[in-house]
């Protein structure tokens with residue numbers, strides 16, 4: 001969602017990324033239109049634009065007083081889009097890493113991390129059908145998030161980030177982390193914001209899971225180990241793949257579905273045109 005908003009002309013405010021469109025009221029209609037374009041392309045689930053409105057990013061941008069306001073707006077705009085579509089669409093409440101994205105080290109203040117997941121979930125709760133732990137980079141981060149939000153009694157989808165031959169940034173094996181997460185009975189476990197190449201590395205192990213498995217592919221060229229993606233536009237540093245066309249995206253998803261993937265979607269730099277091709281898979 002964040003990259004698509006920047007590609008549509010949203011000017012980033014500091015390191016807020018997609019949340020810049022929440023901070024600046026003139027972009028609210030762009031958020032709704034983007035949600036609607038994905039819905040009209042065939043998406044059955046949309047994700048709230050709350051990835052950049054985590055507390056840490058608001059603190060570093062001097063906007064922590066707007067924390068509740070911005071996350072509320074993210075929930076309301078997603079709800080508005082679903083109402084306008086007049087379709088039965090589910091809303092996933094994005095709960096991002098409460099420290100850095102793609103980064104295994106969550107810092108020493110674990111209470112801050114726990115409170116971040118819990119408070120963001122509490123704000124999004126009225127607007128979403130389930131929570132989505134979005135791009136987790138270690139088992140520790142997953143467990144803190146799961147324990148922090150289970151009190152809300154909403155279903156949870158867990159998104160694990162993998163790279164470097166199918167390992168998490170923490171160096172842990174995907175299957176090891178996924179099996180421990182299964183004990184919390186999530187509605188699904190997905191490889192989140194991953195390259196096609198890294199995703200293929202874990203598909204064999206994914207078949208061992210009892211929980212529905214899937215993925216959200218990104219179209220970045222490369223995410224270097226240890227990179228902290230809190231620049232105003234990650235694409236400037238990570239680049240965009242030219243080979244992942246909508247047609248190729250469809251072919252890849254078709255293959256992965258045949259290998260057992262149940263949850264199929266796109267992440268950074270995947271557009272409504274990509275999602276539209278998936279209608280033929282349903």
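The values are calculated or read from the model by the stated rules, or taken from the named source; none is laboratory data. What you are looking at is a predicted structure, and each value in this text was computed from that prediction instead of being measured. Because the Cβ atoms are built from the backbone with ideal geometry, glycine has one as well, and the counts that use them run over all protein chains shown.
Quick check: is even one residue across the stretch 233-240 without any contact (Cβ under 8 Å) to a residue 60 or more places away in the chain and in contact with a helix residue (DSSP H, G or I) (Cβ under 9 Å, 6 or more places away or on another chain)?
Our first condition is that a residue be without any contact (Cβ under 8 Å) to a residue 60 or more places away in the chain; within the stretch 233-240, this holds for 236-240.
Next, only the ones that are in contact with a helix residue (DSSP H, G or I) (Cβ under 9 Å, 6 or more places away or on another chain) stay: 240.
Yes, because at least one residue in the stretch 233-240 is without any contact (Cβ under 8 Å) to a residue 60 or more places away in the chain and in contact with a helix residue (DSSP H, G or I) (Cβ under 9 Å, 6 or more places away or on another chain).
Hey, among the residues in the stretch 256-280 that are out of contact with any helix residue (DSSP H, G or I) (no Cβ under 8 Å at 6 or more places or on another chain) and assigned to a helix (DSSP H, G or I), which one's nearest to residue 195 (Cα to Cα)? So that I can check it myself, show each step before the final result.
Here is the first cut: in the stretch 256-280, the residues out of contact with any helix residue (DSSP H, G or I) (no Cβ under 8 Å at 6 or more places or on another chain) are 258, 262-263, 267, 279.
Checking the rest, the ones that are also assigned to a helix (DSSP H, G or I) come to 258, 279.
On the way: 258: 18, 279: 22 Å.
Per the stated criteria, the residue is 258.
What residue, among those in the stretch 111-126 that are in contact (Cβ under 8 Å) with a residue 40 or more places away in the chain and within 17 Å of the chain's Cα centre (by Cα), is nearest to residue 48 (Cα to Cα)?
By that ranking, first place goes to 124.
Can you pull out every residue in the stretch 29-59 that is surrounded by fewer than 17 Cβ atoms within 10 Å (Cβ to Cβ) and assigned to a helix (DSSP H, G or I)?
Within the stretch 29-59, 29, 33, 40, 59 qualify.
Conditions (1) over 26 Å from residue 147 (Cβ atoms); (2) free of Cβ contacts under 8 Å to residues at least 24 places away in the same chain; (3) in contact with a strand residue (DSSP E or B) (Cβ under 9 Å, 6 or more places away or on another chain), marked per residue:
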position: 21; (1), (2), (3): yes, no, no
position: 24; (1), (2), (3): yes, yes, no
position: 32; (1), (2), (3): yes, no, no
position: 44; (1), (2), (3): yes, no, yes
position: 57; (1), (2), (3): no, no, no
position: 86; (1), (2), (3): yes, yes, no
position: 94; (1), (2), (3): no, no, yes
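What is the one condition in (1) more than 16 Å from the chain's Cα centre (by Cα); (2) under 26 Å from residue 18 (Cα atoms); (3) assigned to a helix (DSSP H, G or I) that residue 170 does not satisfy?
Here residue 170 meets the rest and fails (3).
Conditions: (1) at pLDDT 95 or above; (2) part of a loop (DSSP other than H, G, I, E, B). Residue 216 meets all but one. Number of the miss?
Single failed check for residue 216: (2).
Please go through the stretch 86-103 and give me each residue that is outside any strand (DSSP E or B) and under 24 Å from residue 238 (Cβ atoms), ordered by number. Steps first, please.
In the first step, residues of the stretch 86-103 are kept if they are outside any strand (DSSP E or B); the result is 86-89, 96-103.
Passing the criteria: 96, 97, 98, 99, 100, 101, 102, 103.
For residue 69, all conditions in the list (1) buried (at least 18 other Cβ atoms within 10 Å of the Cβ); (2) at pLDDT 95 or above; (3) part of a helix (DSSP H, G or I) hold save one; what is the number of the exception?
(1)
Output yes when any residue across the stretch 118-140 is more than 28 Å from residue 82 (Cα to Cα), buried (at least 22 other Cβ atoms within 10 Å of the Cβ) and in contact with a strand residue (DSSP E or B) (Cβ under 9 Å, 6 or more places away or on another chain), and no when none is.
yes
Take the stretch 146-167 and flag every residue that is in a loop (DSSP other than H, G, I, E, B) and buried (at least 16 other Cβ atoms within 10 Å of the Cβ).
Just the residues of the stretch 146-167 that are in a loop (DSSP other than H, G, I, E, B), to begin with: 153-154, 161-162, 164-166.
Answer for the stretch 146-167, where residues must be in a loop (DSSP other than H, G, I, E, B) and buried (at least 16 other Cβ atoms within 10 Å of the Cβ): 154, 161, 162, 166.
Being outside any loop (DSSP other than H, G, I, E, B), modelled with pLDDT under 95 and surrounded by 13 or more Cβ atoms within 10 Å (Cβ to Cβ) is the filter here, so list the residues in the stretch 222-254 that pass it. I'd like the intermediate steps shown before the answer.
Of all residues in the stretch 222-254, those outside any loop (DSSP other than H, G, I, E, B) come to 234-238, 240, 246-254.
Of the ones still in play, those that are also modelled with pLDDT under 95 are 234-238, 240.
Within the stretch 222-254, 234, 235, 237, 238, 240 meet the criteria.
Which of (1) out of contact with any strand residue (DSSP E or B) (no Cβ under 8 Å at 6 or more places or on another chain); (2) buried (at least 16 other Cβ atoms within 10 Å of the Cβ); (3) without any contact (Cβ under 8 Å) to a residue 60 or more places away in the chain is the odd one out, the single condition residue 170 does not satisfy?
Result: residue 170 passes all but (3).
Looking for something at pLDDT 95 or above, out of contact with any helix residue (DSSP H, G or I) (no Cβ under 7 Å at 6 or more places or on another chain) and on the phi > 0 side of the Ramachandran plot - is there at least one such residue anywhere in the stretch 140-151?
No - not one qualifying residue is present in the stretch 140-151.
Determine whether residue 196 is surrounded by fewer than 23 Cβ atoms within 10 Å (Cβ to Cβ), in contact with a strand residue (DSSP E or B) (Cβ under 7 Å, 6 or more places away or on another chain) and over 22 Å from residue 17 (Cα atoms). Spell out the reasoning first.
Details: surrounded by fewer than 23 Cβ atoms within 10 Å (Cβ to Cβ): yes; in contact with a strand residue (DSSP E or B) (Cβ under 7 Å, 6 or more places away or on another chain): yes; over 22 Å from residue 17 (Cα atoms): yes.
Yes.
Checking residue 22 against (1) over 26 Å from residue 282 (Cβ atoms); (2) surrounded by fewer than 23 Cβ atoms within 10 Å (Cβ to Cβ); (3) modelled with pLDDT of 95 or more: exactly one of these is not met. Which one?
(2)
Looking at this structure, is residue 188 touching a strand residue (DSSP E or B) at 6+ places or on another chain (Cβ under 8 Å) and at pLDDT below 95?
Working: touching a strand residue (DSSP E or B) at 6+ places or on another chain (Cβ under 8 Å): yes; at pLDDT below 95: no.
Judged against the criteria, residue 188 is not a match.
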